[in-house]
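The values are calculated or read from the model by the stated rules, or taken from the named source; none is laboratory data. Note that the coordinates shown come from a computational prediction; the quantities given were computed from them, not determined experimentally. When we count neighbours, we look across all protein chains shown, and the Cβ atoms used for this are built from the backbone with ideal geometry, even at glycine. Only protein heavy atoms, including side chains, enter the accessible area calculation; ligands, DNA and RNA are left aside. Shrake-Rupley method; radii C 1.70, N 1.55, O 1.52, S 1.80 Å.
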Amino acid sequence: MTPLILCSLTLIVTLAVSGYAKVKDPTSTVTALVNLKADSFIPLKLAARTLPWLELGLAAGLLLLPGLAQILTAAASLALFIAYWALIARALIQGNTASCNCFGSASQAPTSIFTLIRNTGLLLAAAASLIGALQTRSSALSQLLALDAQGWLWLLGAGFACLTLWAIYRAELVENPTQQAEPGQQASNLEAAGQDQAEQDYVRLPIPYADIQLPLSKLPFPDHSPIQLTLRDLAASQARVLFWISPGCGHCHDVASKIPDWQKALPMLGIHPVVSDDKSIEPFSFPPEVEVLVDPGFKTQRLFGNGTPAVLALGADGLLAGGPVFGSSKVMDFMDDILEQMSQEPEAQPEPLHIEAQDPLPQP
């Protein structure tokens, strides 16, 4: 046995937890790749289907496979953690702090230098695990079964150390229930507690860095190339509600007819219908105050699901605020809930999508 078995065990636990979390929520893998802006060179559907099972397979291989298979599994694990390290380092260099969803939707912390430090530790553990595999050519399970009493004591001590550090970390996240609120805050705290309880069923994920376009009618020049916006940039100025609709969908027209009224009733929000191309705008006959967006081929919508009508709320804090919801009746109920929640909020005029000309005026 080699002391490097601890590194192998660290990888096994990490890969198993990460893979299980991704299997439970395959969309978290897609969200992670979009957040890290890796969707341009990594196929989203293929990654969502294979990455969770790859992690679980590597965990099982490190635990069970002996000989050459153990070496190959350790080498594959090292390659995977090199790729993870590179993605996080690339995000930090680009100033991207979106969540990496490294452990599925349960992990929504923003990407930071601490994420890179963690991945560096895992990368070094993967390298040490490969060295251990080359030395012993034994599986982690066979090495555990061969431990003597002293070896088990060392392993038990390492386990207690990990448990203590984890408990210290978790303890810092727990609120103190005995903390006394100020007299003037007690009523508001009770109301906030009720709202928090109601929101527990909805997990707010980061808004993906997915693209959406302004219609051609909004371009500063007729021959201007389409202006791309990300959903994150779109929500940076104010909260938005997006409705994906299609002219060939009868229920979409029912939803579209309500959009001008919703925009008037909710001036603090940006209410935007989203169509698949510019030709699909005219059949709806939206008034000028309704700003339409274009999602070519509904490519961005596929990150959340397929079908029209659909609605999605984007929070100005960079997180999804509601949805996605599909179907006419559910979209109507969704908006009724927003109207009820926002009825007591102070009104603010929505900010239009400002466009600055980037190209010089054409010369005669």
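Pull out all pairs, ordered by first then second residue, where Cβ-Cβ is under 6 Å, the residues are six or more apart or on different chains, the first lies in the range 303-317 and is touching a residue at least 60 places away in the same chain (Cβ under 8 Å) and part of a loop (DSSP other than H, G, I, E, B), and the second is of a type in the set (G, A, S) and open to solvent by 20 Å² or more (accessible area, probe 1.4 Å).
So the pair list comes out as T308/S246; P309/S328; G315/A239; G315/A321; A316/A239.
Would you please name the residue that is modelled with the lowest pLDDT, looking only at residues in the range 35-57 that are outside any helix (DSSP H, G or I) and open to solvent by 70 Å² or more (accessible area, probe 1.4 Å)? Full working, then the answer.
Of the range 35-57, the ones outside any helix (DSSP H, G or I) are 36-43.
Right, trim to open to solvent by 70 Å² or more (accessible area, probe 1.4 Å) and you get 37, 40-41, 43.
Details: K37: 82, S40: 79, F41: 85, P43: 86.
Among them, the one singled out is S40.
With respect to T73, is the statement that it is surrounded by fewer than 22 Cβ atoms within 10 Å (Cβ to Cβ), hydroxyl-bearing (S, T, Y) and touching a helix residue (DSSP H, G or I) at 6+ places or on another chain (Cβ under 6 Å) true?
Details: surrounded by fewer than 22 Cβ atoms within 10 Å (Cβ to Cβ): no; hydroxyl-bearing (S, T, Y): yes; touching a helix residue (DSSP H, G or I) at 6+ places or on another chain (Cβ under 6 Å): yes.
It is false that T73 is surrounded by fewer than 22 Cβ atoms within 10 Å (Cβ to Cβ), hydroxyl-bearing (S, T, Y) and touching a helix residue (DSSP H, G or I) at 6+ places or on another chain (Cβ under 6 Å).
Against the conditions (1) over 23 Å from the mean Cα position of the chain (by Cα); (2) crowded, with 21+ Cβ neighbours inside 10 Å, where does A60 fall short? Just the number, please.
Condition not satisfied by A60: (2).
Of the residues A86, A133, A109, only one is more than 13 Å from T29 (Cβ to Cβ), free of Cβ contacts under 8 Å to residues at least 12 places away in the same chain and touching a Ser or Thr at 6+ places or on another chain (Cβ under 8 Å); which? Spell out how you get there, then give the answer.
Numbers: A86 fails: touching a Ser or Thr at 6+ places or on another chain (Cβ under 8 Å); A133 fails: free of Cβ contacts under 8 Å to residues at least 12 places away in the same chain.
Criteria check complete, one pass: A109.
Testing G250 on (1) of a type outside the set (A, V, I, L, M); (2) modelled with pLDDT under 85; (3) in contact with an Asp or Glu (Cβ under 7 Å, 6 or more places away or on another chain), one condition comes back false. Which one is that?
Going through the list (1) of a type outside the set (A, V, I, L, M); (2) modelled with pLDDT under 85; (3) in contact with an Asp or Glu (Cβ under 7 Å, 6 or more places away or on another chain), G250 breaks only (3).
Restricting to the range 227-255, count the residues that are over 27 Å from the mean Cα position of the chain (by Cα), open to solvent by less than 30 Å² (accessible area, probe 1.4 Å) and either of a type in the set (D, E) or closer than 25 Å to P208 by Cα (or both). Even if it seems obvious, please write down each step before you answer.
Taking the range 227-255 as the starting set, the residues that turn out to be over 27 Å from the mean Cα position of the chain (by Cα) are 247-255.
Retained after the next criterion (residues that are open to solvent by less than 30 Å² (accessible area, probe 1.4 Å)): 249, 252, 255.
Going one step further and asking which of them are either of a type in the set (D, E) or closer than 25 Å to P208 by Cα (or both), we end up with 252, 255.
So the answer is 2.
Quick one: E289 ticks every box in (1) within 25 Å of D25 (Cα to Cα); (2) in contact (Cβ under 8 Å) with a residue 12 or more places away in the chain; (3) surrounded by fewer than 19 Cβ atoms within 10 Å (Cβ to Cβ) except a single one, so which number is it?
In the conditions (1) within 25 Å of D25 (Cα to Cα); (2) in contact (Cβ under 8 Å) with a residue 12 or more places away in the chain; (3) surrounded by fewer than 19 Cβ atoms within 10 Å (Cβ to Cβ), E289 misses (1) alone.
Within the range 290-335, work out how many residues are of a type in the set (D, E) and touching an Asp or Glu at 6+ places or on another chain (Cβ under 9 Å).
Taking the range 290-335 and keeping what is of a type in the set (D, E), we get 291, 295, 317, 333.
Filter again for touching an Asp or Glu at 6+ places or on another chain (Cβ under 9 Å), leaving 295.
Qualifying residue count for the region: 1.
Being under 18 Å from P208 (Cα atoms), without any contact (Cβ under 8 Å) to a residue 60 or more places away in the chain and open to solvent by less than 60 Å² (accessible area, probe 1.4 Å) is the requirement here; does G95 meet it?
Numbers: under 18 Å from P208 (Cα atoms): yes; without any contact (Cβ under 8 Å) to a residue 60 or more places away in the chain: yes; open to solvent by less than 60 Å² (accessible area, probe 1.4 Å): yes.
Against the criterion (under 18 Å from P208 (Cα atoms), without any contact (Cβ under 8 Å) to a residue 60 or more places away in the chain and open to solvent by less than 60 Å² (accessible area, probe 1.4 Å)), G95 qualifies.
Checking H272 against (1) within 28 Å of L33 (Cα to Cα); (2) modelled with pLDDT under 90; (3) of a type outside the set (A, V, I, L, M, F, W, C), which test does it fail?
That leaves (2) as the condition not met.
Based on this model, can you work out whether G104 counts as touching a residue at least 12 places away in the same chain (Cβ under 8 Å), out of contact with any Phe, Trp or Tyr (no Cβ under 6 Å at 6 or more places or on another chain) and not in a helix (DSSP H, G or I)?
Details: touching a residue at least 12 places away in the same chain (Cβ under 8 Å): yes; out of contact with any Phe, Trp or Tyr (no Cβ under 6 Å at 6 or more places or on another chain): yes; not in a helix (DSSP H, G or I): yes.
Yes: the conditions hold for G104.
For (1) open to solvent by less than 70 Å² (accessible area, probe 1.4 Å); (2) modelled with pLDDT of 90 or more; (3) within 22 Å of I281 (Cβ to Cβ); (4) more than 22 Å from the chain's Cα centre (by Cα), each residue gets a yes or a no:
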{"site": "N306", "(1), (2), (3), (4)": "no, no, yes, no"}
{"site": "D317", "(1), (2), (3), (4)": "no, no, no, no"}
{"site": "L320", "(1), (2), (3), (4)": "yes, no, no, no"}
{"site": "S328", "(1), (2), (3), (4)": "yes, no, yes, yes"}
{"site": "E345", "(1), (2), (3), (4)": "no, no, no, yes"}
{"site": "P350", "(1), (2), (3), (4)": "yes, no, yes, yes"}
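Quick one: D39 ticks every box in (1) touching a helix residue (DSSP H, G or I) at 6+ places or on another chain (Cβ under 6 Å); (2) closer than 30 Å to D148 by Cα except a single one, so which number is it?
(2)
If the Cβ limit is 7 Å and pairs must be 6+ apart or interchain, which residue in the range 144-159 that is in contact (Cβ under 8 Å) with a residue 12 or more places away in the chain pairs with which residue that is open to solvent by 90 Å² or more (accessible area, probe 1.4 Å)?
A146/M1; L147/M1; G151/M1
Looking only at residues in the range 99-120 that are closer than 22 Å to P52 by Cβ and open to solvent by 40 Å² or more (accessible area, probe 1.4 Å), which one is modelled with the highest pLDDT?
Start the filter on the range 99-120 by keeping residues that are closer than 22 Å to P52 by Cβ, which leaves 99-109, 111, 115, 118-119.
This time we only want the ones that are open to solvent by 40 Å² or more (accessible area, probe 1.4 Å), so: 103, 106, 108-109, 118.
Details: F103: 79, A106: 60, Q108: 63, A109: 70, R118: 89.
Only one residue fits best here, namely R118.
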